[in-house]
1. Does B:Ala305 fit the bill of being touching a Leu at 6+ places or on another chain (Cβ under 8 Å), part of a helix (DSSP H, G or I), surrounded by 24 or more Cβ atoms within 10 Å (Cβ to Cβ) and touching a residue at least 12 places away in the same chain (Cβ under 8 Å)?
2. Would you check if there is a residue in region B:241-249 being at pLDDT 95 or above and in contact with a His (Cβ under 8 Å, 6 or more places away or on another chain)?
3. Of everything in region B:63-120, what is over 19 Å from the mean Cα position of the chain (by Cα) and of a type in the set (S, T, N, Q)? Give them in sequence order.
4. Assuming A:Phe262 fulfils every condition listed in (1) within 14 Å of another protein chain (Cβ to nearest Cβ); (2) buried (at least 18 other Cβ atoms within 10 Å of the Cβ); (3) among the aromatic types (Phe, Trp, Tyr) apart from one, which condition is it?
5. What are the residues in region A:106-133 that are more than 13 Å from A:Ala39 (Cα to Cα) and small (Gly, Ala, Ser), if any?
6. Would you be able to tell me the number of residues in region A:267-290 that are more than 7 Å from every other protein chain (Cβ to nearest Cβ), in a loop (DSSP other than H, G, I, E, B) and in contact (Cβ under 8 Å) with a residue 24 or more places away in the chain?
7. Among the residues of region B:40-48, is any surrounded by fewer than 24 Cβ atoms within 10 Å (Cβ to Cβ), modelled with pLDDT of 95 or more and touching a Lys or Arg at 6+ places or on another chain (Cβ under 6 Å)?
8. Tell me, please, whether a residue that is within 14 Å of another protein chain (Cβ to nearest Cβ) and either out of contact with any strand residue (DSSP E or B) (no Cβ under 9 Å at 6 or more places or on another chain) or not polar (S, T, N, Q) (or both) can be found in region B:143-157.
Number of protein chains: 2
Amino acid sequence: MSDRETTRVFVDCDPGIDDAVALAYLAARPEVEILGVGAVFGNNTVAVTAQNALRLLELYGRPEVPVAVGAERPLVQAPRLAEHVHGGNGLGDVELPDPKGEPVAESAAELLVRLARENPGELDVLAVGPLTNVALAIGLEPRLPQLVRRLVVMGGAVEVAGNVGSHAEANIVNDPEAAEAVFAAGFDLDLVALDITMKTVATAEWLDRLKEVPGDRAERTSAFLDFYAEFYKGIFGLRQCAMHDPLAAAVLADPHLVTEAFEAPVRVELTGTLTRGMTVADRRPRPRTDERRACRVVTSVSEDAFLDLMLDALR
Amino acid sequence: MSDRETTRVFVDCDPGIDDAVALAYLAARPEVEILGVGAVFGNNTVAVTAQNALRLLELYGRPEVPVAVGAERPLVQAPRLAEHVHGGNGLGDVELPDPKGEPVAESAAELLVRLARENPGELDVLAVGPLTNVALAIGLEPRLPQLVRRLVVMGGAVEVAGNVGSHAEANIVNDPEAAEAVFAAGFDLDLVALDITMKTVATAEWLDRLKEVPGDRAERTSAFLDFYAEFYKGIFGLRQCAMHDPLAAAVLADPHLVTEAFEAPVRVELTGTLTRGMTVADRRPRPRTDERRACRVVTSVSEDAFLDLMLDALR
């Protein structure tokens, strides 16, 4: 894996406070070409997350990027949202102006498939919400895993506790069937799970540094994160927040930040009473042989370098 | 928790090589009164494990201890055995003389219930096989968790990989329904899971020290362990073996050896396609409130002291 001149990216997201920071991270990098953004239900309804995606691309200086509305519900189960984490408007109840643009006519899955076909072997996909749109795209185009260069997923909890259940992480448990379809499909896949995101946090000191950065982008983002940090204070006992989605963006755009990962085929438990939505990997010293393509589960990153890059993105 | 003058113990087991060493560990201690032994299917059929229990009590100098035959199969599922781990005779294919004694007429569950009633608040139970006999005993006497002082279970894999599946440990997965009944019953319960047993190993150096110990007990036990170490060589890549059951015996008889544990209610996943038999604990920083009585999951022990005591037991 090496850092590249230009990276063409499709971002599937449900903004979402940390989704906002992930978009900021990519939007600030001249070498990253965001070819399209898909919105999905998750942190809020897809109607809200699509509008937020438009608002955020305008805030972060990429108003030309097409935004497509995606799935409004999971493949099988009933939807659940996360307003207690991200606020009633999905962005920490911080008011942003209504977007000037509007979503394109294609669905998120159709846009992803079209972009993958137009850029065979060249498109990287960052999926930081429930995996419903990506699963639907595989349904439309079974060769998607071969057409796409690389898929980076924020989701799951492989060797650590979950966040919405003892073993369930929000993005995966919000559509376990879709996630299983994606893990089964054979992508070149980096998994940025709670294993790394819960130990890669924006500290109080970092949040204070952000407050000193002038300009609208930093100011608004700081306001989003104040809301988020308040939620995480209830978990960590400290004013700090897990940077789930921006870390996944960093793994996509700056793969040199990854210092450790293990490779394992990952499956999603679909039927467990206590474990539905769990990301299951065989971590025995001698795991059974497995036909499923292994993904890379990130376990260590250069945290300081990541936090600096995230701050740079908001200057 | 403090070490006590005399400990009255019921041992439920499926000998089994490490079961043998657990019996040796307890039999060697004058302050430990073994009131009874229950045999259960597991490492071999219950017919074989009961005969082995008699043989081992005779070898280790406790021929007077009553041995009761217990369950020949799990509560619900079909049985599976582990001859590849423990040999065709359950004791590493090492020949021992036929036992002089024979099993008592009571079943293991009946013997456990009678001993608990006769020694209210005084009986400690060590369960190092599938939990079928203990679950049946709860069915016969629902007050068993209150009658028994303490239950030490070898089983499960809470925050680490399993040994017969990616998340399944043999004793629990051999009867998940029984295990769930036992975890739900409200015992004062120490769980000695793979979390601690896979990192508390008899090293090649320890196995060599054992070879120097004179006498029939040490010689036979060394022969059992040679078979076991050969199996574990395929897992660890080294000649060493996990000391699952003797470590549980040590936690019962020498609680001062435990240097770290966490408390958590534990449940057994019964319906998962990938996770059936998994011991599930909520390890989030703020776990949900839970009515189930927490058990202590051992995570650290004084390893050198334990290995010394285990060697002393075989002198």
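1. On the way: touching a Leu at 6+ places or on another chain (Cβ under 8 Å): yes; part of a helix (DSSP H, G or I): yes; surrounded by 24 or more Cβ atoms within 10 Å (Cβ to Cβ): no; touching a residue at least 12 places away in the same chain (Cβ under 8 Å): yes.
When the stated conditions are applied, B:Ala305 does not pass them.
2. There is no residue in region B:241-249 that is at pLDDT 95 or above and in contact with a His (Cβ under 8 Å, 6 or more places away or on another chain).
3. Of everything in region B:63-120, those that are over 19 Å from the mean Cα position of the chain (by Cα) and of a type in the set (S, T, N, Q) turn out to be B:Gln77, B:Asn119.
4. Failing condition for A:Phe262: (2).
5. Scanning region A:106-133 gives A:Ala116, A:Gly121.
6. 3
7. Within region B:40-48, not a single residue is surrounded by fewer than 24 Cβ atoms within 10 Å (Cβ to Cβ), modelled with pLDDT of 95 or more and touching a Lys or Arg at 6+ places or on another chain (Cβ under 6 Å).
8. Filtering region B:143-157 for residues within 14 Å of another protein chain (Cβ to nearest Cβ) gives B:156-157.
From the residues that got through so far, the ones that are either out of contact with any strand residue (DSSP E or B) (no Cβ under 9 Å at 6 or more places or on another chain) or not polar (S, T, N, Q) (or both) too are B:156-157.
Yes - at least one qualifying residue is present in region B:143-157.
The values are calculated or read from the model by the stated rules, or taken from the named source; none is laboratory data. The structure displayed is predicted, hence computed values, not measured ones. As a convention, Cβ positions derive from the backbone with ideal geometry for all residues, glycine included, and neighbour counts pool all protein chains shown.
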